[in-house]
Each structure stands twice: as structure tokens, then as C-alpha cells.
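The values are calculated or read from the model by the stated rules, or taken from the named source; none is laboratory data. Since we're looking at a predicted model, the values are computed, not measured. Reconstructed Cβ throughout: ideal geometry from the backbone, glycine too, with neighbour counts over all protein chains shown. For the accessible areas, the whole protein counts, side chains as well, though only heavy atoms, and no ligand, DNA or RNA atoms are used. Shrake-Rupley method; radii C 1.70, N 1.55, O 1.52, S 1.80 Å.
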Amino acid sequence: MSTTLPLVPSLPLALRGKLADVVGDDHLITDPDRLLVYESDGLTQYRFSPSAVILPGSAAELQEAVRILHLEGRAFVARGAGTGLSGGALATGGAVVIGTARLNRILEVDPANRLARVEPGVVNTELTRVTRPHGLIYAPDPSSQSACTLGGNVAENSGGPHCLKYGVTSRYVQALTVILPDGRSARLEGASRGWRGPDWIGLFVGSEGCFGVVTEIEVGLIPEPAGVRTLLGIFDSLEGAGRAVTAIISSGILPAALEIVDQETIRAVEASVFAAGYPTDAGAALVVELDGVEEGLDAELELAATCVRDEGASEVRIAQSDEERTALWAGRKRAFGAMGRIAPDLLVQDATVPRSRLPAVLRRIGEIGDRYDLTIANVFHAGDGNLHPNLLFDRNDAEELARVEAASREIMEVCIEVGGTITGEHGVGIDKRGYMERVLSPEVLHAMSEVRSALDPFGLCNPGKVLPDELPARAELPNEPLPALDAGPIEVESDRHAAALLAAASREGVSVVIGGARSSGAPPGPHLRLSARGLRGVIDHSPPDLTVTVGAGTPVGELQEALLASTQWFPLDPPGGGATTIGQVLAGGLDGPLCTGYGRLRDHLLGATLVTGEGRVLELGGRVVKNVAGFDLLRLTVGSRGALGLITRLTLRLFPLPAVDRTLVWTIEDPLEAARIGMRMAATGSPVAALEWIAGEFGGESPSDGRLPVGALVAARLHGNRPSVEAMARTLEAAAGVGPRVLEGEESAGWWERRARREGTGAVSTVVSTLASRAESVAEATHRWVDLGGRASLHLVGGGVRLDLDPAGERAVDRARALLDEVARAGGVTPAPSPELSGVLGVFDPAGILPGRWRESWS
Amino acid sequence: MELRAALEEQKDRLGHCVHCGFCLPVCPTYIQLGDEADSPRGRLHLMRAVVEGRLEPESDAYQLHLDRCLGCRACETVCPSGVEYGFLLERARALAVEARRPPLPVRLLPALMARDGARSVALGMGRVIRGTGIPETMAGRLPTTGLWGRVGLAMGMLASSRPSRLDAGSDAGKAKTRPRNDPPSRGRVAMLTGCVQSGLFAHVNRATRTVLEANGWEVVEVTGQGCCGALHAHSGRLDQARELARVNVSAFTAAGVDHVISNAAGCGALLRESGELLEDEAAEAMAKSVRDISELLAGEGREPVRGAPLPLKVAYDPPCHLHHAQRVTTSPLRLLESIPELELVPIPGAEECCGGAGIYGITHQDLGGRVGRRKTDAILTTGCDVVATGNPGCQMQIGAGLLAAGERIRVVHPVELLAESYRRAGWS
């Protein structure tokens, strides 16, 4: 008998024994025949057999296995359900596969805090199945969600049809336990868990398994939307569908999903066993899904239907029931499988382009298909500009395969040319490494490579993925003299200017302070002080794409002013209000009450330019809404407080201005009763923009007739169309049992602005992370702070309390410190110690001149 | 090598698999083992490797992983590409058993079922042993592992095949005197009486006839029918399965009925697929007329006539070969819902296999036991009085599982409940 043996170095017997001791004989696979099934994942163009597969049954087993593999110098790759479409889980070079299928326990569901703690092998839909009885769902819904695992979602930073409204995986991960490539375990926590520093979670999510293996994931859940409406528009042409998308976005609606299938796809689906009843002569079909407060949906649906009809839809179908909704979606959801039926092989691309360029790009893809005589069927997340051209072929036809490869490359070039990126959600893996140089500068590629080396110096963790083997040459560092020190802050004028200053400081070993001393403290000895204040103003605003690029020194208020004419805005109300600059919000990780309804700035950060401590200019991210090309260094800058360098500009994803902005304010004599009322409101699951418990003097108002500090406020901010805002207001008033003061429009915005301006101004000013479920005891502890003359604002959804105080004298400072500890104890969140990842900071600041190196701690 | 060629002919069918992985989380063996080689995608990959000449059918990998498949076909329900997994599995197994002779117990059962005489003797002995009440006493008292575990399971299965008394409501067992139902005549049907079904579940066949007649169907006796051959097809003995299928096709075709009725999901699935199995027109025509008993009574817009109240809490567990293979999903529920005062309770993960799969629990004691316990645990969360399922293998497997757990919950065929409701109405 002869079996074809793949050319894979087999595992030495001694190593086999060690691994078997850890995971057990039953969970170690070394027979080459049995390993065949692991040679591909969801991408079948490549085959790499692993040298072994281990299936650990616990985090401890997994850690021990990684430790052994590290000591033996054996490469390894984690694999969830193997549904990835970029070959990210392939065992290149005979790596050992670490399967997470047996790590499939849901460890905890905490409905009060809208949290779940899971092992990496839990299937995406399984989590929602378990949380739904609590009225909560896990929002990211990749199309493979019935099979793909949450560990895989973390590795790929998965999106899905509904991420247009709800965002991608990164937004929901609150904490991770990671086994680093050397077998050490690291606990990474986010801002909601008390971490103040570079966004390690942001860096790890989407790292495609190159930075370690996740063993525990803590995710945030959201209340299940009360209502859903689904509409299907049939168009004669793809352009019409594209225009309808733009019209819907411009109308101020933020749909939960906007999906288009083109004529080829419709024909494939209708010709298959999955016929969905779409007319085969249609040029395109557009699925629009709206969700949210039931009362507001019909008006939105009407508006969306009008947009669809006005752009020339020949037919509009509206789902009246769950079955009809499923039927409308069928043509979209079944597309991938249907294509599997009509062609033996299928290559799926995953490019993202600015939404306004969609029609032009689709036309050019059509031309490429014609030129290469190929069937290209397009399925795409139109709201995100995320395209999935499917190239149909037969791999046994070598000539056709060559045409597919050439056409695929051309499609990619077209997408890059219009400012797009090579992968929106499938990841780079092994498949798109060759395109990385086309979208990322040599500087960025080197930085990514160095970060990877800092975390995995021996290159054992998923080698051969994401980055190309050879990196292009990088530019010389500027070589200009260091200016005089301590002559006051230098206002940076350009990237080049910042690069010259930082390179000089780095060369001379002179410490640098970025921004005010307030944000980073001051180093001992002479130092250079840089400010981004001069980098002010909107650089580019593209209303149809809902994106804006601004200088980092732009005050938030100025940005909102500039956007007003387009009826768009960026939902941000940081401490300090409109005077705070965007750069400060980013570097300080400062978010205000609006993060409850909209997420944090990090969740809508599309790109930034970072001048590193070494003086290198990194263009991170881009202008597209979804982008997973390479490691997420962009997210790492959030909360980094100058540790990586100076940020000169940012690109943000914008939102349509809500039709109604209403604030409800309740003044409650008993602060604890106020907290209880607020918790009842939070428990309604109403999609509020903000919901705060506020105590102490603020914004020129006082809780009760100028007598300070008595009582507390509960303030809710509601955004949406009139029916939905009114429905939410009724729900909250019913939960409160008493009527509020109502502010609307400019009054509402002004009220929050005045409040924000008083925040972050105290001599002692800090944020303490707390669990939302502890609001009452936090309020109790906080009220002693207020007695001392302080101000406090607690997020009733999600937790966290911002505290400001101007203590009079040393003793008052001591008391304030003690009170902070008390608040933290009441809040129930113990911040994890800083993970040992300082090597990563060294990539950006090799000379150790930035605050990240000389600051003693992040807290 | 003829069989290898047969599998190679299925290259296109294998090619429909795009490797998406949607089948993984619904596969009972993958759920238990977490090894992709024990998932449908993995097994298809192994089949493809054989077709591509990269793997030998006698290799441990091919043998082990194809053998471990329960054949529940839950993967077909979720497959976005419509891969005909069950069809491919039968051909792949034919190649596997040709390459390596399976162990004796695996060969024994199909051999027994294919021979009328041997079968009646064996099933007759089974009934005698069952009648002593020993199996019921033994089940649940024997160790769960090793040889005694196997014996315990067999005893439990045997015990679970006995007719159940359905004690429910104050008037249990008392027939009311009501005028006999006089339904309109709907048509003529023939019933597959089956091998195990006629040997151990004669009461289910009687109930089937009762409810058919009560609903206006004329039941025609068809002699010359035999074992359907499902057991043989599933274990890779395709030639034997074809032989048996031919016998049934000619017997039922000769009967000239509107529908051929099955009350055993596994047998019904095979009858429905006889066209593909035999590749001839007569078989195709017969296959089209096949219906599950629940479809005839409560499918295609029909509603069963209502009998007397049966105040029982019933958990319905869909047999895989009804739910996944025949895609008959709602009519058994409609049938049960038609019984006055019967309360249906859902079983969590009902569409998952119970682990019965013929004699899987005996040939794959550990794995089968784990799959079975998952089902038993799920059933116990429902607080039901009775479990209803439309396949003898599932009735025995679930029954044995419940007995082993020390539970007295009975497992019956849905038509038994309907027949009992009719009996209480005084119609039979």
C-alpha cells in the first residue's frame, strides 16, 4: 500500500510524546493521512499539510503545548472552524495546528453588565442563542456565523452584513487572555476594564493569529433591536442600486444592512436549487434592513422605499413576516453556495472602496470580466463599500486559472487606485500577501514586521502569513539638528517637520513631551515639547462616503461646525467639550457619554498619520470603512498618550445628524434613588445615545436650586426620528415613574456641552471603571466625593465614572485619593496589571524618548 | 476497483463542497471529538483524496473516519451548496468495506436482516426475551462500559421496543362509546411492514393501519415485500441493498396503490431514494409515491381527524432520516398537535442525532454513548411524560438511554399516540 505522503517534516518522537502528555493521545493527530483534512481551510486554492494537529481541552493544556512548541522551535498555527477565506489557518512549513474545537465553553453570561466570557472555540451564533433569552445579542455577524468560532473572529476582526450599523469584532472585545508565542499568558483589558494605555486589544484583534493564541474572550452584548424591517429593491442596472444606496445614506438613515447582488449572482442563485424568486432579468437586487425602536421604523422604511423607487427600482418588496424576511435575504445569503453549484471552483475577492466609487469600480470589474472572458458575480456589503467579486472557474483548466489570476490582480489594482484596500474582512492570510506592498508604505510594512518580531522573535506563531517575505527598502531618517530645548512648546507644522524633530530627539536621546504636561506628565531633565495645535482644520470631507480627514489639532467643536452643512457629524462629547482637540481624544482615549449609543472614537477611526518617536511617518489605515490589511497599528495609537509618537491627522467615519436630539433630565433628591432609577432605565434596553447619573456642580447648573451638593441628575440623550425618540422617552419615563425636564435641539446639545466643559478640569481628574450593575454602590461611594466639592458623571450603560475635584490643601488631596479607591472598590473592576508588551513600544520609540518609556505607569 | 471507479464518477458531486465548514457545528461526531476528520467536510475531503489518488481506501484514516459517521445527514440540511452527503457516504463506504472487511458484529446484523428465515428466528427470540421482562430489569443496572455495557445497551434497546401502555387522564384505558368515525375515502395505500418493525414493533404497524383507516385510507396488503435494505446501503453493502430494493420495488409497483407508506424514517428514506439506488424508471416512479405516515395524515394540507383528548406532555424528537434525509419536518408536529389536550414540549437541539444509527452504540460504544447521553440529557430538561419519534432505531436508542438513566419515560411512535386518542374515542 502506498499513500501519497505530503512533504512535511514529521514530528520527532520525543516531541510527540511531550505533546501527547499534555493533550492526551486521543487529541494528538500525527498520521499523515488523517492530517490531510487540515491541508485547507475555507480557501481551497492552497494545500499545506500540518506536521501534527493538537486539540487541547483547556486553556492550561493549550498554554503548555505552546510553551513546548516554543522551546522546541516548532512553528504553530491556531485554527478554529477553518472557515477563513484567506488561508490564515493553513499550516505553512509543516506547522503544528492547534485546534480550538474542544475549547467551546461559554464561561459566563452577565446580562446586567451585557457581557459574556467565552472560550475561543465557541461558534458565533451559539453565543447569541444563549444570550437571546436575556434580550441580548452578540452583534458581529459574519456570513459564516453559523460555523465560525469567536476565536477566529478575534483573529480576523470579522465583520458581516450588519456591521454597517453595529461595527466589527474589535468594537465588542473587552478583554482577552492570550498565550503569547513564547508560552507566557497575557491578560489584555480594554478601557471599560480600567486599562489606560495603548489599545492592546485593538492590536491583537485582527492579528490573524500571528501574535499568540487567544484562550478567553470577553465580549460586550447589545440589546436585541425591538423591531426589524426588510426591503428588497429590484433594479434594471447595478448603477441604479448603487445610487439608491447613496440616496439612503444621504437621507440620514443608518440602515442595519445594505446588501447588493448583481445580475450574475441573481442568475446563479435562480439557476441553483436555492432559487429565491428574484427576477433573472434584473440588473441588481438591493436588500435594505432597518432595525431599532419599533415605533420609528415605518417612517424610516417609507423613506428608504422612496429612495429606492426614486432611483428607478422596477419593484419593491417589503417583508411582512419573519418567513418573508428570510425569503428576501435568501438571494444574498445563498449566493456563495449557489455559485459552488454552478462552477467547480470559486475565487472570492474582498476589496473595500470608498462607497462613492462603487459604481465606477463595478463597471470596471465588468469590463475586466469581459476582457478575460470570465464570469464574475458580485455580492457586496454596499453600505461599507466592501466588494466580494466571485470569479468562477475550473481549476483543472490551467489556462482559465491563469486568466482568473490575472483578472483578480487587475480588480485589486482598480480598487487600490480609487483609494480602497485589498481586504475588508477576510484578512490577508496567505492569499493577499503579494498585494501588501501596493497598499501599505514600506515604513508601515517595516513597523508591522518589527511589532511582530517584538512579540514573536523566533517567527513561530503562524509564520508565512500577512506580511510579504521580503520588505521593500525604507526611507532614510531625517537628519536635522535638534532645536533649543525648553524654549516652550514647538507647534508642529507638517509630518516632515515632526519627523525631523523626533528623529533629532531620538538621535540625541532627548526626552519628548507631546501635548500638554497634563496628559503625559513631565520627564526629568531637559526635554523637547511638541504640540499638534497648529495642525488644525478639515483636510478632506467626503459626504457620500461619510468620511472626514482632519488635523489632529482640530478642536472637536470646530470639526462639528465644519460638518454641519452636510448634515453629518461625529458623535463625540469628550471632557472639555468642543475645545478638546481630536488628537487629544485619540491619544488620551477620552470619550464622553455619547459612547453609550455610538461607541468610542476608536470604533470609528479609519486612518491616522503617526510620526513615530524614531521620526518615521506611518500612514495607518485608510479612508475605507472596513479594512483588515495588516496588523492594526492604528488601533494601538488609541489611548497611547504619546507613547508611539505624534499623531498629525485622523480619518473618521461620520454619522448622519439625527433628526431629533432630545435630552430628558430628572432631578432626584436622593442620589441613590437616582442611581436606581437610572439602572431601571438602562434595563429597558432602549437604544439611548447617552444615559448618565450626574452629581455635583457642573456646567453652571446645580442639581437643586443652587444648594450644593444635594441630589443627583439622571440625564438621557435620545437620537432618532420623532416617533422613535418619543417612544424611547415614554419607555424611560415609565421606568422612572416621574416626569423629566425636556430639552430639544440646540438646547439639548448645549446642555451636554456645558456639562462636558466642566469635566476634565479638576486638579484631580480621572475615570474609574465600574460595572454597570454596581451603579448604586458606585453612586454611594461617589457621593462622598461630591460632598468634598467634586463633580461626577457615571455611565449607566456600560459603567465607568468620571470624577473631577479641586481639593483645597494636602489633606483634601489625600482624602480624594482614598475616596477614589473607595469608588473603585464599589465599582467591582480591578484593572489588570500592564501586560509585558513593552517591546512593542520599542518599535516606535527605540531610543526611549517618549512618555511610554519614561512614565512609571499607565495609571 | 469497480467501486473506486463508482466513487470517481461522483467527482462532480464531491466538487459541490466549497469547504465552507457550515456542516461542522451540526455534526454529532465533530461536536464530540473536535477533529475535522470526523466532520462531513473532513470525510468529503478524504473521499476526494481517494478519488485524486492521494489516499488509499484501506488506510486507517479513511476506514476510521468513514466508519465513525453516524449517517444522520444533519450536514445536508445546513449545506449551502446542496452536497448529497448521504449518497456519497454510501458509495464511499462501499469502497471502504471492500478494502477492509469490517469486524463480525458489524457484518452480522445486515446478514441477518437480508435472510427472511434467520430474521424471523432472531426477532422471535428477541420477543421471547423481551417478554420475560429481564431486559427491562437488566437495563440500567449493568456497568456502562466494556462488554457488559454493550449487553446493557442491547437489553435496553430490546426493552424499549415493547408496546407501551399510555396511562393518561382519569379515563385511561376506558373506551368511550362514540359513533365510529366515517371518513371520506381518500385513496389506496400500501404499507412497508419492515423487518425490525414487523418483528419487534408490530404494535406500531397496527397503530399505523388504525390511523390510516380512521382517516379514510384503504390499506392494501402487499405480500412479497421484505427488508428495505437501508441498513445494507448505509454500511456500504450497496449490491445487497439493491437486491432487496428490487424486491420491494416490484412488489409495491404490482400493488398499484396511490402511495407507499413508511412508518420508519430510515426505511422511508431508502424507499424514496430507490430511484438513485437502482437507476431505473420503475424505481423512480415508486419512489415518488412514497410518503411518511405523518405526511399522509398531516402533510400536504391534510389534517388528521380529531380523536379523544390525550392529556400527555409529549416531546417530539425528529428522526434524522425523516428530518434531514426526507426533509419531513412539520407534519409529525401537526399530527401530534391535532390530538386534543396533548401538550408538545420542544427538546433543545432536537434536530441532533440520538446516536442510534443502527447498532452504532454497540459498535462505537464510547462515542455512541456520548452522543446518546447528550440526547437523554436534553430530553430530561423538558419534563415530558412521553417521547415521540418515528423510527424504530431511535425509539430503541432513546428508550435505552432513558432506562440507563433510571427514567421510566416511554418512547413511542407518533401514530401510537394518535391511535390511542382514537381508541379512547371508541373508534377501534
Subset of the range A:54-103 that is surrounded by fewer than 20 Cβ atoms within 10 Å (Cβ to Cβ), over 23 Å from A:D25 (Cβ atoms) and touching a Gly at 6+ places or on another chain (Cβ under 7 Å) - its residue that is farthest from the other protein chains (Cβ to nearest Cβ): A:G93
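Condition (residue is more than 30 Å from B:T223 (Cβ to Cβ) and within 8 Å of chain A (Cβ to nearest Cβ)) applied to the range B:89-109: is it met by at least one residue?
Checking the range B:89-109: not a single residue is more than 30 Å from B:T223 (Cβ to Cβ) and within 8 Å of chain A (Cβ to nearest Cβ).
For (1) open to solvent by 50 Å² or more (accessible area, probe 1.4 Å); (2) modelled with pLDDT of 90 or more, each residue gets a yes or a no:
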| site | (1), (2) |
| --- | --- |
| A:E776 | yes, yes |
| A:S793 | no, yes |
| A:L796 | no, yes |
| A:D806 | yes, no |
| A:A812 | no, no |
| A:D821 | yes, yes |
Residue among A:A338, A:A330 that is of a type in the set (A, V, I, L, M, F, W, C) and touching a Ser or Thr at 6+ places or on another chain (Cβ under 7 Å): A:A338
Qualifying residue in the range B:230-252 (condition: buried (at least 18 other Cβ atoms within 10 Å of the Cβ) and under 19 Å from B:T389 (Cα atoms)): yes
Selection count where residues are among the small types (G, A, S), under 23 Å from A:E218 (Cα atoms) and more than 24 Å from the chain's Cα centre (by Cα), scope the range A:808-845: 4
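Please list, ordered by residue number, the strands (runs of 3 or more DSSP E) wholly in the range B:275-354 having 3 or more residues that are in contact (Cβ under 8 Å) with a residue 12 or more places away in the chain and within 16 Å of the chain's Cα centre (by Cα). Explain how you work it out, then say what you get.
Values: elements: B:290-292, B:313-316, B:343-345.
Strands (runs of 3 or more DSSP E) meeting the threshold: B:290-292.
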Single residue of A:R355, A:R341, A:R334, A:R371 found to be more than 20 Å from A:R267 (Cα to Cα) and either open to solvent by 50 Å² or more (accessible area, probe 1.4 Å) or within 14 Å of chain B (Cβ to nearest Cβ) (or both): A:R371
Any helices (runs of 4 or more DSSP H) falling wholly within the range A:729-834 and containing at least 1 residues that are among the β-branched types (V, I, T): A:775-787, A:810-827
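Does A:R16 satisfy the condition of being more than 11 Å from every other protein chain (Cβ to nearest Cβ), open to solvent by 60 Å² or more (accessible area, probe 1.4 Å) and over 16 Å from A:G121 (Cα atoms)?
Here the answer is yes, as A:R16 does meet what is asked.
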Residue list for the range A:254-292, restricted to those being assigned to a helix (DSSP H, G or I) and closer than 13 Å to A:W329 by Cβ: A:V269
Some residue of the range B:17-24 being more than 8 Å from every other protein chain (Cβ to nearest Cβ), closer than 26 Å to A:A338 by Cα and surrounded by fewer than 24 Cβ atoms within 10 Å (Cβ to Cβ): no
The range A:265-303, subset over 20 Å from A:L718 (Cβ atoms), in contact (Cβ under 8 Å) with a residue 24 or more places away in the chain and among the β-branched types (V, I, T), residue farthest from the other protein chains (Cβ to nearest Cβ): A:V288
Residues of the range A:31-45 classified as at the interface with chain B (Cβ under 7 Å from one of its Cβ atoms) and polar (S, T, N, Q), total: 2
Residue match in the range A:565-574 (condition: hydroxyl-bearing (S, T, Y) and closer than 30 Å to A:E747 by Cβ): yes
Single unsatisfied condition, B:C79 versus (1) among the hydrophobic types (A, V, I, L, M, F, W, C); (2) more than 27 Å from B:V387 (Cβ to Cβ); (3) away from chain A (no Cβ under 14 Å); (4) more than 20 Å from the chain's Cα centre (by Cα): (3)
Filtered residue count, the range A:162-198, keeping only those that are more than 23 Å from A:D110 (Cβ to Cβ) and within 13 Å of the chain's Cα centre (by Cα): 3
Residue that is under 16 Å from B:R100 (Cα atoms), in a helix (DSSP H, G or I) and open to solvent by less than 10 Å² (accessible area, probe 1.4 Å), where the choices are B:A49, B:A61: B:A61
Test: residue in the range A:110-130 that is of a type outside the set (F, W, Y), under 19 Å from A:S207 (Cα atoms) and open to solvent by 30 Å² or more (accessible area, probe 1.4 Å): no
Count of the range B:25-37 residues which are more than 9 Å from chain A (Cβ to nearest Cβ) and part of a helix (DSSP H, G or I): 3
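Residue-wise test of (1) farther than 30 Å from A:L254 by Cβ; (2) in contact with a Gly (Cβ under 8 Å, 6 or more places away or on another chain).
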{"position": "A:D394", "(1), (2)": "yes, no"}
{"position": "A:V404", "(1), (2)": "yes, no"}
{"position": "A:V418", "(1), (2)": "no, no"}
{"position": "A:V444", "(1), (2)": "yes, yes"}
{"position": "A:S453", "(1), (2)": "yes, yes"}
{"position": "A:L471", "(1), (2)": "yes, no"}
Filter result for B:A74 (touching a Leu at 6+ places or on another chain (Cβ under 7 Å), closer than 23 Å to B:Q365 by Cα, surrounded by 22 or more Cβ atoms within 10 Å (Cβ to Cβ) and more than 8 Å from chain A (Cβ to nearest Cβ)): no
Given (1) part of a helix (DSSP H, G or I); (2) open to solvent by less than 40 Å² (accessible area, probe 1.4 Å); (3) within 11 Å of another protein chain (Cβ to nearest Cβ); (4) out of contact with any His (no Cβ under 6 Å at 6 or more places or on another chain), index of the condition B:R43 fails: (4)
Selection count, the range A:201-253, where residues are among the β-branched types (V, I, T), crowded, with 24+ Cβ neighbours inside 10 Å and in a loop (DSSP other than H, G, I, E, B): 1
